[in-house]
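Each remark here refers to the structure printed beneath this line.
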Amino acid sequence: MKGFIKKIEKINFGLMSPEDIRAMSVVTVETPDTYEDDGFPIEKGLMDPRLGVIDPSLVCRTCGFRGGDCQGHFGSIELARPVIHIGFGDVIHKILRSTCNDCGRVLLNNEQIEEFTTRIQDAMDNRESLNNILKEVYKVAKRELKTMPEDDEEVDPKYCCPHCGAPQEAISLDKPVTIRQGDYKLTASEVRERLERITDEDSFVLGVNPKVARPEWLVLTVLPVPPVTVRPSITLDTGERSEDDLTHKLVDILRINQRLLENMEAGAPQLIVEDLWELLQYHVTTYFDNEASGVPPARHRSGRPLKTLTQRLKGKEGRFRSNLSGKRVNFSARTVISPDPNISINEVGVPEMIAKEVTVPVYVNEWNMDEMIKYIENGPDVHPGANYVIRKDGRKIRVRNEETKELILEQLEPGFIIERHLKDGDMVLFNRQPSLHRMSMMAHEVRVLPYKTFRLNLCVCPPYNADFDGDEMNMHVFQTDESRAEAKSLMRVQEHILSPRFGGPIIGAIHDHISGAYLLTRDGVEFTEEQALQIIRKSHLKLPTLKGGQWVLKDDPEFGEESYIFKDEGEMWTGKELFSLLLPNDLNLSYSAEISKCPAVFPAEDANVVIKNGILVQGVIDESAYGSFSGKILDKIVKEYGPGRAKEFLDRSTDLAICGIMKTGITTSLNDEEIPEEAQDRINEHLDKKMAEVDKLVESYEEGYLQALPGRSLEETLEMKIMQVLGEARDMSGSIAENYLTMGKQSDDDPYDHVMAVENHSVVMARTGARASMLNLTQITACVGQQAVRGGRIERGYLNRTLPHFKKGELGAKAKGFVHSSYKSGLDPIEFFFHAMGGREGLVDTAIRTAQSGYMQRRLVNALQDLQVKSSGLVTDNQGNVIQTMFGEDGVDPAKSDFGKPADLNKLIDEIRMEGK
Amino acid sequence: MKIDIQDHMLVPKHEIMTEEEISDEFSDVDYDFKDLPKIKSDDPVVKAIGAEPGNVLRITRESQTAGEFVTYRIVEG
């Protein structure tokens with residue numbers, strides 16, 4: 001498309017008149033064929049060269065442009081008989097029903113016409129919707145007689161035309177395009193004649209603006225033929241030509257049109273003409289819409305339904321949703337993701353294969369000339385190479401073989417653009433669907449790696465909600481320096497550690513990262529000097545200096561010696577000391593660790609974390625320290641030392657946690673859920689007691705002793721009490737089991753040493769917040785508990801009972817879905833069935849919830865997308881209307897807030913108190 | 001007996017601003033006070049305080065985030 005610069009002044013929606021179509025047409029198509037046997041297009045055929053060209057070597061006969069520049073030109077078909085347009089069947093029906101069958105006037109009296117005309121005109125002037133007025137017009141103007149009167153029979157005037165007095169027989173629409181008056185089927189010509197009779201004034205009242213459309217244009221007499229660019233034919237490998245579906249349909253139309261014309265000229269019987277006419281109507285109908293109800297779809301020779309005009313536009317794969325609202329983009333890649341704890345959170349591992357395919361445009365200048373020459377020498381197949389070169393005149397040359405390389409190197413000078421391979425350090429956009437929040441698309445630095453998956457640091461799994469069970473992610477490469485710079489300052493991973501959702505860290509440690517830190521920092525973990533130095537080295541931390549037979553850690557002249565750690569040569573190093581190496585020298589903090597929720601922590605001090613001058617004095621590192629969503633240390637580091645420091649902290653702590661977990665090893669098996677027999681006995685005894693309690697409740701209800709609680713019926717009271725007892729039953733059996741599920745050593749006298757194995761890693765994971773919960777563990781060991789459907793005990797199934805194994809109206813625990821067994825001992829068939837019921841409800845709920853929240857989000861996004869916040873805090877829409885005079889009423893950016901508040905006073909007081917000490 | 005809705009705990013304080021107050025308040029803001037959010041002239045509070053179309057109301061209400069927040073609304077008409 002060259003040489004056309006036009007400005008759109010206005011857009012007009014209306015109907016095309018037959019004259020418009022003829023004026024637009026460059027050729028009247030008459031021959032139902034495409035090409036001659038010699039391969040040339042037939043004049044006046046569907047591939048007439050005047051309709052436009054596709055082949056760049058040909059010149060268009062109409063506009064003179066070559067293929068590719070010629071945008072194509074419409075032709076037309078003169079229909080032998082008029083045909084109703086499928087899209088307007090109901091409009092035509094409505095209009096005919098509201099106009100006189102005899103004189104063609106609208107079935108309103110003069111006052112009504114005047115009233116509606118002014119109302120419509122007013123609404124149009126005020127740009128208001130006409131829908132409601134028009135609905136009223138069509139309702140008032142409807143006068144239908146079920147049966148036509150015999151001659152000289154008196155008819156109620158409300159069924160007659162107010163202008164000529166003719167009684168009005170009902171007009172019905174047989175979807176999609178057949179219109180009947182009584183039992184008589186109106187032909188398209190008759191319909192068109194009636195529409196022609198309507199005056200301009202009347203048509204305005206009926207909602208057809210005579211300035212842009214006339215009612216009779218709803219019936220087609222001339223059919224526009226789209227240019228060949230809209231329906232290109234494809235040449236198959238065999239040399240055979242395959243035509244587009246639209247061309248096939250147009251051939252059908254032309255063929256029938258031709259036959260109809262011949263028959264009419266030859267004076268064929270009325271019956272034959274009508275049959276052909278109906279066939280023409282069918283072909284034109286399916287040409288517009290091949291999925292219309294009541295019309296059998298037109299099929300290809302192979303039996304495949306044809307894709308005609310409506311099918312091209314409609315639905316998810318249609319032009320709108322898949323080509324206009326969304327488009328395929330270049331410089332993007334998609335593959336499976338897998339974890340890599342050795343790369344930074346800011347990085348993404350890109351397979352070499354992808355790095356060689358997607359490129360970055362680089363301007364050649366004096367200073368990068370040597371580098372660019374190397375890329376071109378490497379070519380498209382060796383990694384840091386180049387795929388294309390754009391010369392100063394804008395010509396794009398592909399780097400192919402040695403010859404082209406030499407040619408390019410000869411010409412190469414500043415000002416050329418080299419499309420070079422992706423290399424380490426490039427900024428790319430990384431995304432995982434569904435993109436629900438801004439952290440779903442973040443900018444990463446490239447690390448080109450072998451193999452075929454994208455690699456990402458485990459800390460960025462929570463914001464993307466990614467796991468590695470087959471998830472795929474997309475990568476986009478920035479093509480301009482502006483976009484790259486903007487992304488680097490606004491979209492980098494480290495800028496998104498704090499979530500605007502709750503003002504805390506969303507990027508943080510998960511799973512082994514947490515349990516690893518616990519295993520490293522808990523009481524009694526010691527390392528020899530050699531082991532310690534190895535860990536420091538492996539974690540890429542600053543090596544300690546040896547001064548006069550003493551190791552000095554964390555020595556930084558900026559801070560006092562109270563934040564240094566001194567170690568004599570040969571002394572043992574504790575895990576807490578190693579973790580302290582990660583902390584800023586002036587960090588002071590105290591909080592309760594996640595394991596403080598555990599009733600028996602040994603030693604008890606481990607549950608309270610104290611960090612003094614950047615040294616972990618006591619307490620263990622677990623989820624509360626640096627877990628995603630909850631990490632206290634991480635939160636403080638981002639907010640006070642900035643995202644760069646926080647990124648470093650996360651990267652280094654990952655390395656350290658890996659060392660910690662590798663020292664001990666972490667493993668789990670069903671043995672972890674083993675409890676002694678005496679415990680099992682206690683649980684059973686307890687459950688029996690609770691069952692008896694339930695039976696007693698049921699008994700008192702049946703005998704009428706039960707007192708109803710205020711505001712509840714007797715049945716509801718019983719149900720509530722039973723639920724309460726059963727809840728207690730599960731909780732108690734759980735806490736009995738929990739007494740035996742301990743992380744490891746419980747006292748100094750314990751016979752085993754926790755570093756050496758006889759410890760429970762399932763419990764370690766649950767207590768530190770790494771994965772699973774104590775509820776999960778007790779359900780495995782002790783008792784699964786009550787299954788619920790619709791928030792209550794299970795009620796459904798047979799008449800007055802859940803299963804035929806029970807008596808009708810039975811109210812006991814077992815009969816309504818209480819599962820006594822544990823997952824480990826196994827569920828009996830009845831329990832299993834109830835458990836499946838509860839489980840299914842959960843699945844259905846999540847499925848429904850995602851659909852509902854997705855739609856809700858869509859509506860919210862559409863409503864809020866144009867709002868903007870000015871630097872003064874003013875929120876306006878794109879019209880300038882004020883939404884809020886101060887953003888959020890306090891002007892606070894939630895991502896920069898402290899868990900939603902502008903400042904956390906308790907924290908500030910704590911800090912001041914610590915400083916005072 | 002007619003209840004004064006302004007005494008209700010859920011109805012924030014609405015006041016009609018004088019011309020002087022309007023020019024004071026909106027002279028140095030980066031929006032036109034005519035772009036302020038609108039309130040219907042048949043809104044119960046508007047009728048209760050007797051505001052006319054074109055009047056600007058100052059609404060002082062409790063805010064979850066800011067404690068107390070002052071916002072403005074222009075009577076539609």
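Enter the per residue convex hull volume of the range A:550-658, computed from alpha-carbon coordinates, in Å³ rounded to the nearest integer. Before the final figure, lay out each step's value.
Working: hull volume 12.2 nm³, N = 109.
Each residue corresponds to 112 Å³ of Cα convex hull volume.
Just how many % of Cα pairs in chain B lie over 14 Å apart, if you round to the nearest whole percent? Before the final figure, lay out the partial values.
Working: 1848 of 2926 pairs.
Roughly 63 percent, rounded to a whole number.
Compute the helix-to-body angle for A:188-197: its Cα long axis versus the longest principal axis of chain A, expressed 0 to 90° and rounded to tens. Value to nearest ten degrees: 80.
Please report A:184, A:375 as a ranked list, fewest other C-beta atoms within 10 angstrom at the top and most at the bottom. Spell out each step's value before the answer.
Numbers: A:184 10, A:375 23.
Lowest count first: A:184, A:375.
The calculated 222 nm mean residue ellipticity attributable to helices in chain A amounts to -11000 deg cm²/dmol, summing -39500 (n - 2.57) over DSSP H runs of n ≥ 4 and dividing by all residues. Between residue A:481 and residue A:712, the distance separating the two model label sites (each 7 Å from Cα on the Cα→Cβ line) works out to 7.2 nm. Computed with the Debye formula from one identical point scatterer per Cα of the range A:90-210, without solvent, the log10 of I(q)/I(0) at q = 0.11, 0.12, 0.23 Å⁻¹ comes to -0.37, -0.44, -1.39.
Where in the range A:618-638 does the label zone of residue A:538 land, with the point 7 angstrom along Cα→C-beta and an amide N cut-off under 19 Å? Residues A:621 qualify, since their backbone N sits under 19 Å from the label point. If you wrap the Cα atoms of the range A:303-354 in a convex hull and average its projected area over all directions, you get 7.0 nm². From the alpha carbon centroid of the range A:121-179 to that of the range A:47-113 is 27 Å. Ranking of A:632, A:639, A:824, A:10 by neighbouring Cβ atoms within 10 Å, starting from the fewest: A:10, A:824, A:639, A:632. Pairs over the 24 Å Cα-Cα cut-off, from the set A:690/A:824; B:13/B:40; A:423/A:452; A:139/B:40: A:139/B:40.
Reported to the nearest whole Å, the Cα centre-to-centre distance from the range A:854-877 to the range A:312-347 is 24. Roughly what percent of Cα-Cα pairs across the range A:168-232 reach past 18 Å? Value for the range A:168-232 (Cα pairs over 18 Å): 53 percent.
A short reminder: the numbers here are calculations on the coordinates, not readings from a lab. This is a predicted model, so every value here is computed, not measured. Cβ atoms come from the backbone with ideal geometry, glycine included; neighbour counts cover every protein chain shown.
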